[in-house]
Ligand code: ATP
Ligand code: MG
């Protein structure tokens, strides 16, 4: 008897099902409409990109890149890769000369395959691969010679034999059959890549783009935190004209920042999201932040032994992140640390003041939070985060900030950038918690028919009603009217259209309003009129 395997969605992923997907569609539709009114166009970048792109853009030191990405090699060398696994995992063992000679054939086959792939340029000819191939060939030749001495029991030979096996194992491990690619953990990197790739700096500036779609991070799943989650984001990119005086563009940049924030807030307001709180901060730029970070580091060193292990480590790696700490015991210490607002250079201070003034002009309420930071070097000046109600500790629904210089870092022209990413899963959760999930998808009309002639009428009626935009359920086989009405009720239909011989003969349809059970005979035109009016009343 074959065992039945039960498949389940992978941990941290989930199926989004009706009627909830109606809410997802409404949220995405509202984003399109609101962002459209601000002049944003949609970009749909691919879901995977070279790992290197994320390593550069997000930063190799971040959790996202260092431990949360789903990465894999992309190549056509499945057989060779299998051979490698065989050699690595099971067969080629230290202290076992038999294994080496037994598998010399496989090793030679592997080496030849690798060499051919590299010659044909199908396997990347990188220094690492070249070195690995040379090592493999050398050690493969060696073990054969060493094996005979080894069985003689001489310890030096044994040592050399083991060194060669280790050398082979190491070389096998580092070989890359193709490019390493990753499922995207975020989309800003892709948008910047696309800006460069399509020469968007030649378009009227700034270029305003939005996206929606799944992101992938291998985090510990919990409420509001998934391994496949969805973001709605937008970016404003603008090439910096050569010789631009940075002080001159401060007012303009501040207005762009404020408008981007205003747009997110308008979107949330349109959805009726509750308990929305906007926090802003300026984290300085390349000129003033390094000095502040040094000052912070010096202050933190003074209190090092009062801090937890994470913060202690961050004194070296990234002192700004200490400000992020949620540890109760550290709160008092952090409150006494120097604040970046007091250490901004004139340009950054001017820009921050202007962002606040601009937000005020737009009627956007905000709170300043000097502890709001982003850990990455290229983030600068304006940073913001938005929280909403009903989400517990995962209450951030949107994070954003300015990232002038990122496009350049990725090989493009000097370019300014500001953007945000909304966590759509959390946005939806918050809407549901507030009872804004929307009703289950019902039907406008359930067509109950009996008899061959009635089926023909039912089909044309369904076609006309659907063409007019109404949701119609047409049962595939005839049902007794009582059963049909029960089903109509279960589906939440507003009307049951009852079609039998009588209705077909007279052209007068029986319509039952399910909410109150009332029944009337109407013509097709009258029924459409009824539906249209009903629609207007309920929406
Ligand atoms: P958090 O501090 O909550 O981990 P983050 O700083 O990692 O957020 P960003 O990279 O700025 O988040 O992404 C923007 C938004 O995407 C977050 O504010 C959040 O709403 C959402 N988000 C991030 N990671 C996840 C996840 N694993 N599951 C669901 N939503 C997420
Ligand atoms: Mg995170």
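Among the helices (runs of 4 or more DSSP H) lying completely within the range 1-96, list those that include at least 2 residues that are touching a strand residue (DSSP E or B) at 6+ places or on another chain (Cβ under 7 Å). Step through it out loud before you land on a result.
On the way: elements: 20-37, 51-54, 63-67, 78-85.
Correct list: 20-37, 51-54.
What is the number of the single condition among (1) modelled with pLDDT of 95 or more; (2) away from ligand 1 (no atom under 15 Å from the Cβ); (3) assigned to a helix (DSSP H, G or I) that residue 290 does not meet?
Status for residue 290: all satisfied but (1).
Determine, yes or no, whether residue 531 is loosely packed, with under 14 Cβ neighbours inside 10 Å, modelled with pLDDT under 95 and part of a helix (DSSP H, G or I). Don't jump to the end; show me each part of the working.
On the way: loosely packed, with under 14 Cβ neighbours inside 10 Å: no; modelled with pLDDT under 95: yes; part of a helix (DSSP H, G or I): yes.
Criteria not met by residue 531.
Before we move on, is residue 186 near ligand 1 (Cβ under 9 Å from one of its atoms), more than 30 Å from residue 128 (Cα to Cα), in contact with a helix residue (DSSP H, G or I) (Cβ under 9 Å, 6 or more places away or on another chain) and assigned to a loop (DSSP other than H, G, I, E, B)?
Working: near ligand 1 (Cβ under 9 Å from one of its atoms): yes; more than 30 Å from residue 128 (Cα to Cα): no; in contact with a helix residue (DSSP H, G or I) (Cβ under 9 Å, 6 or more places away or on another chain): yes; assigned to a loop (DSSP other than H, G, I, E, B): yes.
It is false that residue 186 is near ligand 1 (Cβ under 9 Å from one of its atoms), more than 30 Å from residue 128 (Cα to Cα), in contact with a helix residue (DSSP H, G or I) (Cβ under 9 Å, 6 or more places away or on another chain) and assigned to a loop (DSSP other than H, G, I, E, B).
Looking only at the range 161-175, which residues are touching a helix residue (DSSP H, G or I) at 6+ places or on another chain (Cβ under 6 Å) and surrounded by fewer than 17 Cβ atoms within 10 Å (Cβ to Cβ)? Step through it out loud before you land on a result.
Keep residues of the range 161-175 that are touching a helix residue (DSSP H, G or I) at 6+ places or on another chain (Cβ under 6 Å), which gives 161, 164, 167-168, 171-172, 174-175.
Of everything in the range 161-175, just one residue is touching a helix residue (DSSP H, G or I) at 6+ places or on another chain (Cβ under 6 Å) and surrounded by fewer than 17 Cβ atoms within 10 Å (Cβ to Cβ), namely 174.
In the range 414-439, what residues are away from ligand 1 (no atom under 16 Å from the Cβ) and not in a strand (DSSP E or B)? Steps first, please.
If we filter the range 414-439 for residues that are away from ligand 1 (no atom under 16 Å from the Cβ), which is where we start, we get 414-416, 434-439.
Result: 414, 434, 435, 436, 437, 438, 439.
If residue 264 meets every condition in (1) assigned to a helix (DSSP H, G or I); (2) within 16 Å of ligand 2 (Cβ to nearest atom) apart from one, which number is that one?
(2)
When you go through (1) assigned to a loop (DSSP other than H, G, I, E, B); (2) modelled with pLDDT under 85 one by one for residue 122, which number turns out not to apply?
Unmet condition: (2).
Please specify each residue of the range 326-342 satisfying the condition of being modelled with pLDDT of 90 or more, surrounded by 11 or more Cβ atoms within 10 Å (Cβ to Cβ) and not in a helix (DSSP H, G or I).
Answer for the range 326-342, where residues must be modelled with pLDDT of 90 or more, surrounded by 11 or more Cβ atoms within 10 Å (Cβ to Cβ) and not in a helix (DSSP H, G or I): 337, 338, 339.
Which ones in the range 194-221 are more than 16 Å from ligand 1 (Cβ to nearest atom) and either under 18 Å from residue 62 (Cβ atoms) or assigned to a loop (DSSP other than H, G, I, E, B) (or both)?
Matches in the range 194-221: 198, 199, 203, 204, 205, 206.
Mind listing whichever residues of the range 389-407 are away from ligand 2 (no atom under 16 Å from the Cβ) and buried (at least 16 other Cβ atoms within 10 Å of the Cβ)?
First, the residues of the range 389-407 that are away from ligand 2 (no atom under 16 Å from the Cβ): 389-390, 402-407.
The answer is 390, 402, 403, 404, 405, 406, 407.
Read through the list (1) more than 16 Å from ligand 1 (Cβ to nearest atom); (2) part of a strand (DSSP E or B); (3) free of Cβ contacts under 8 Å to residues at least 60 places away in the same chain, then give the number of the only condition that residue 457 fails.
(2)
Just name the residue that is nearest to ligand 2 (Cβ to nearest atom) out of those in the range 222-244 that are in a strand (DSSP E or B) and surrounded by fewer than 19 Cβ atoms within 10 Å (Cβ to Cβ). Explain how you work it out, then say what you get.
As a first pass, look at the range 222-244 and keep what is in a strand (DSSP E or B): 222, 225, 228-239.
Narrowing the set further to residues that are surrounded by fewer than 19 Cβ atoms within 10 Å (Cβ to Cβ) leaves 222, 225, 228.
Details: 222: 12, 225: 8, 228: 14 Å.
The residue in question is 225.
A quick yes/no check of all residues on (1) assigned to a helix (DSSP H, G or I); (2) within 21 Å of the chain's Cα centre (by Cα); (3) more than 30 Å from residue 497 (Cβ to Cβ):
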| residue | (1), (2), (3) |
| --- | --- |
| 373 | no, yes, yes |
| 390 | no, no, yes |
| 441 | no, no, no |
| 448 | no, no, no |
| 461 | yes, no, no |
| 469 | no, no, no |
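The values are calculated or read from the model by the stated rules, or taken from the named source; none is laboratory data. This is a predicted model, so every value here is computed, not measured. FYI the Cβ positions are ideal-geometry reconstructions off the backbone, even for glycines, and counts take in every protein chain you see.
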